[in-house]
Amino acid sequence: MDSDNERVIERPDDLTASWLTAMIGAGTVTDFTVERIGTGQMSECYRVVPAYAAAAGPQSVVLKVAATDPMSRQTGQTLGLYQREVRFYRDIAPRLDGPLAPCYHAAVDVSSGAFDLLLGDAGPAVVGDEIVGATTEQARLAVRELGRLHGPLLGDAALADAPWLHRDAPLNQVMIASLYAAFVERYGDRITAECRGVCDRLVAAFDGYQEAVQGGIQGLVHGDYRLDNLLFGAAGAERALTVVDWQTVSWGPAMTDLAYFLGCALPTEDRRNHYDDLLRTYHQALGREPPISLTEVAEGVRRQSFSAS
């Protein structure tokens with residue numbers, strides 16, 4: 001992949017057949033078509049279908065670029081979202097053997113906020129349904145592939161010291177108390193007494209809670225591991241699952257993504273019925289000798305269920 005100071009494709013109109021030929025590296029591209037896909041807010045995605053002089057390369061690739069909306073683009077640039085995703089595909093993805101699309105090009109201009117990713121197409125695939133929730137089979141696949149992503153990098157010293165993976169200004173007790181007070185004022189009549197008691201205790205001890213979760217094993221955190229960002233491969237797809245949208249990637253408590261997914265993706269009864277099996281599936285996918293036990297996985301999920309909700 002090319003370095004940051006090489007040409008950035010800001011819009012689909014900047015694509016050329018010669019550039020695609022060089023980036024894909026699988027035969028001469030003689031022509032191509034482009035169509036908009038997805039409904040991203042911070043970025044825009046386009047499916048590019050190349051025509052080759054001889055049938056050799058992928059049938060389609062996906063171009064991801066910064067949003068054209070000035071406010072969205074400024075937000076993405078200010079929060080470092082574009083740079084994070086480019087760095088993930090350049091520096092981390094090559095170390096992983098999991099549910100990731102191949103990356104043919106990744107570049108960013110930090111001064112303007114322009115960036116591009118040229119990725120393998122996940123199709124034919126179905127996006128997870130946030131409203132309906134995951135089926136048991138989808139959930140099992142999602143946690144298994146998450147384990148494959150996490151396993152090679154758990155406790156990695158180099159990534160732990162990478163400044164770009166660490167977010168500034170985390171929530172503290174003062175901030176969370178203010179936010180919680182506003183939440184209770186607006187929705188207090190809808191909160192059960194049991195949930196209110198748990199929330200009150202968490203907010204009162206939030207700084208200690210944060211310190212405790214930061215003391216456990218750390219790892220790569222996708223930061224938004226939910227069904228909208230999981231593409232389930234249909235018949236003919238190269239991968240059973242493709243995980244997308246790595247703009248919120250960070251380094252932190254290793255069980256954050258797993259806790260978030262289990263809390264949001266499954267109907268309550270399904271989660272309760274299959275919870276232990278899903279934890280085992282995740283743990284087994286970490287590798288032959290993971291640096292964390294199944295008991296530690298369960299404890300990590302329990303602790304992170306608050307911050308991942």
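Roughly what angle does helix 268-285 make with the longest principal axis of the chain, taking Cα atoms, 0 to 90 degrees, to the nearest 10?
Once rounded, one gets 60 degrees.
Sort the following peptides by mean Cβ neighbour count (other Cβ atoms within 10 Å, averaged over residues), highest first: 178-191, 135-148, 284-297. If you can, show how the numbers build up before the last one.
On the way: 178-191: 10.9, 135-148: 19.6, 284-297: 14.6.
The most tightly packed comes first, giving 135-148, 284-297, 178-191.
Can you put Glu299, Glu269 in order, fewest other beta carbons within 10 Å first? List each step's numbers first, then the result.
Working: Glu299 14, Glu269 8.
If I rank by nearby Cβ atoms, fewest first, I get Glu269, Glu299.
Could you state the angle between the C-alpha long axis of helix 136-150 and the longest principal axis of the C-alpha atoms of the chain, as a value from 0 to 90 degrees rounded to the nearest 10?
80
Stokes-Einstein at 37 °C, 0.692 mPa s, Kirkwood radius from Cα pairs: D for region 82-176 in µm² s⁻¹?
Translational D for this selection: 202 µm²/s.
Quick check on region 39-98: take the gyration tensor over C-alpha atoms, sort the square-rooted eigenvalues as a ≥ b ≥ c, and tell me if it's rounded (a/c under 1.5), prolate or oblate.
oblate
Net charge near Gly133, counting Lys/Arg +1 and Asp/Glu -1 over other residues with Cβ under 15 Å of its Cβ?
Net of charged neighbours comes to -2.
Report, by chain and number, residues whose modeled amide H sits under 5 Å from the one on Thr30, excluding near sequence neighbours (fewer than 5 apart, same chain).
Ala51, Tyr52, Ala53
What percentages, rounded to whole numbers, describe P(r) for the chain computed over all alpha carbon pairs with 20 Å bin width beginning at zero?
Taking all Cα pairs of the chain, the binned fractions are 30, 57, 13, 0 percent.
In whole angstrom, how far apart do the alpha carbon centroids of region 208-261 and region 91-169 sit?
Result: 8 Å between the Cα centres.
Which shape class, rounded, prolate or oblate, goes with region 127-226 when its Cα gyration tensor gives a ≥ b ≥ c as root eigenvalues, a/c under 1.5 marks rounded, and past that a/b bigger than b/c marks prolate?
Verdict is oblate for region 127-226.
Could you work out the pair-distance distribution P(r) of region 12-121 from its alpha-carbon pairs, with 5 angstrom bin width and percents rounded to whole numbers?
Reading the bins upward from 0: 2, 12, 22, 22, 20, 14, 6, 2, 0.
Each reported figure results from applying straightforward, stated rules to the coordinates on display, with no laboratory input. Here the structure is a predicted model, which is why all the values come from computation and not from measurement. Heads up, the Cβs are rebuilt from the backbone with ideal geometry, glycines too, and the neighbour counts pull from every protein chain shown.
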